[in-house]
Amino acid sequence: MSENKHKSALNESGSRPVAGNVNPKSAQKIRASRKRKFLEEDLLQQLLEGNKTALGRAITLVESNQFTHQQKAQQLLESALPYSQKSIRIGITGVPGVGKSTFIESFGSYLIRQGKKVAVLAVDPSSSVSSGSILGDKTRMENLVKEENAFIRPSASGTSLGGVAKKTRESIILCEAAGFDIVLIETVGVGQSETTVHSMTDFFLLLKLAGAGDELQGIKRGIIEMADAIVINKADGDNLKAAREAKSEFNRALQLYPSKESGWKPKVALCSALQQTGIESVWELIAEFQKNVKENGYFQKNRKEQNKFWLLQTINEHLKNSFYRNPVMKKELEIQLKAIESNKITAFAAADLLLEKYEKLD
Ligand SMILES: Nc1nc2c(ncn2[C@@H]2O[C@H](COP(=O)(O)OP(=O)(O)OP(=O)(O)O)[C@@H](O)[C@H]2O)c(=O)[nH]1
Ligand SMILES: [Mg+2]
């Protein structure tokens, strides 16, 4: 009986009588659209309740390239946005093998013990569905995956960093709406991925190893400048002495860098992700950072700047795609490329011509 009642209540919201002289087909459409709306509100509700399955489904919508999914995702994001401000977003980078996954396992578990809810996302533009992606190896996070208060999602796949980044940024909002107050975003140094992650996080943590030169560590110029903390991992066993030396060296080196707009002086710390030592002090320094930048207004300012940056990025990405994916422009581009090759036209004139054609397209 109660089941029937429940069913009829559901039916009611899905099949309220539609105006008398509407043809049956449109009536069906209206009913279907009401039902869809009902389901989306449901998804939002479940998301706000912290339901991880709903969060997973919401991120799948965000990651989908299907137009209808994207529309739904945008609706969902808009509704979720007001709920997503009370968090800290931490970017974590370092060369392959430095211990990012192991660190996230230890650090994430520590945070959960402190009563936090931890979401882990990744930006890996090289990942594709078939080749697997960072965080695909959940084996390094075997404890964290089991935690009720942890949510782990591998990188969205995609060939353009811009596309992957947009999906990740939107996923951050969804995680926060679901009550995850700490969002960890892992990246490997592929292309510009560190810069991208830096531009979507509040705190940027660089993991390093002792005893390996910058070249060996594949550290690109500019990464040190972005770091709010350099954490030397694997500071254990025979490696401890070298790690301590590396710490003083980094401290000396950091003196040479200009001060940051945030007013924060980057810190160097030691940890062993494997033996779970030094993890607490990493959190303490992030908390100290958070306190400082909230007091001096940089935290809010930086998030606003990031929003503006992402608005422009999204437009750039959209314009680029709409140009290069347009079949007419593809052909025209081919023609102009050949013309340039045979010195019939200069690159600038060809570009002008192409853009003019593009602007005239319907
Ligand atoms: N001794 C020691 N080994 C560690 C520590 N952290 C990680 N490792 C080991 O280093 C290896 C690489 O660790 P991962 O956590 O997979 O490193 P990663 O940076 O995530 O690597 P990629 O995902 O390939 O980029 C593993 O064998 C770990 O067990 C540590 O603190 N001390
Ligand atoms: Mg890893």
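The values are calculated or read from the model by the stated rules, or taken from the named source; none is laboratory data. Please read all numbers here as calculations on a predicted model, not as lab measurements. Positions of Cβ are backbone-derived with ideal geometry, glycine not excepted, and every protein chain shown enters the neighbour counts.
Things worth noting here:
- Selection count where residues are in a helix (DSSP H, G or I), over 17 Å from the mean Cα position of the chain (by Cα) and either exposed (fewer than 13 other Cβ atoms within 10 Å of the Cβ) or in contact (Cβ under 8 Å) with a residue 40 or more places away in the chain (or both), scope the stretch 295-311: 3
- Residue match in the stretch 310-320 (condition: basic (Lys, Arg) and not assigned by TED's automatic domain parsing to the domain that holds residue 198): yes
- Residue that is surrounded by the fewest Cβ atoms within 10 Å (Cβ to Cβ) [pool: residues in the stretch 81-90 that are within 16 Å of the chain's Cα centre (by Cα) and at pLDDT 85 or above]: 81
- Between 68, 102, 93, the distinction of being within 16 Å of ligand 1 (Cβ to nearest atom) and more than 19 Å from the chain's Cα centre (by Cα) belongs to 102 only.
- Checking each residue in the stretch 316-361 for being loosely packed, with under 12 Cβ neighbours inside 10 Å, aromatic (Phe, Trp, Tyr) and under 31 Å from the mean Cα position of the chain (by Cα) picks out only 324.
- Single residue of the stretch 129-148 satisfying the filter (of a type in the set (Ser, Thr, Tyr) and either within 14 Å of ligand 1 (Cβ to nearest atom) or under 19 Å from residue 197 (Cβ atoms) (or both)) that is modelled with the highest pLDDT: 139
- Total residues in the stretch 147-204, condition in contact (Cβ under 8 Å) with a residue 60 or more places away in the chain, in a helix (DSSP H, G or I) and either surrounded by 23 or more Cβ atoms within 10 Å (Cβ to Cβ) or of a type outside the set (A, V, I, L, M, F, W, C) (or both): 17
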